[in-house]
Amino acid sequence: MTQVVATEVKVRIPENLYQRLSHRAHQTQRPFEDELLATVATGLSVSDELPTHLEDELSQLEVLSDQLLWQIARRRLNPMQAGKLERLHQKAQRQPLTATERKQEQALIYEYERVLLLRARSARLLKDRGVDISTLLN
């Protein structure tokens, strides 16, 4: 078993953030410290894996109005791109894609994942602001 080296850190956090983390810890039946560590680890793991320009695009969402966040949270891959991606996936099931088709597929998957990340982050920001986002789940 690998031993994890830990460093003890004393941190001051705003009361509202403490309350939110404390509430989540209670809901998940975990110690506050575990909830805090999970939250920090989640935030780091996502941003460490993202290209800088996408990380910048996601961080810019934080300053947008609720109205703009709603627009982004409802965004979808445009129908032409979605159709092309679907056709490429279907073709790939039958036969190998050409190099050009693989590039197209990779670009479309990247755009799909980008839209998905923007939608998810926008929804999370709205929820964090106390907005009911239940209509996004339909």
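Derivation of every value follows stated rules applied to the coordinates shown; laboratory data play no part. Keep in mind that what you see is a predicted model, and the values were worked out from it rather than measured.
Values for this structure:
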read-out	value
Correct choice for log10 I(q)/I(0) by the Debye sum over Cα atoms at q = 0.13, 0.14, 0.16 Å⁻¹ that was computed from the model, options [x] -0.53, -0.62, -0.80; [y] -0.85, -0.96, -1.16; [z] -0.80, -0.88, -1.02	[z]
Relative contact order (percent, whole number), the chain, Cα cutoff 8 Å, 6+ residue spacing	25 percent
26 Å Cα-Cα reach of Lys91 towards lysines, excluding residues that sit fewer than 8 places from it in its own chain	Lys103
Lysines with Cα under 29 Å of Lys10, excluding same-chain neighbours fewer than 8 positions away	Lys127
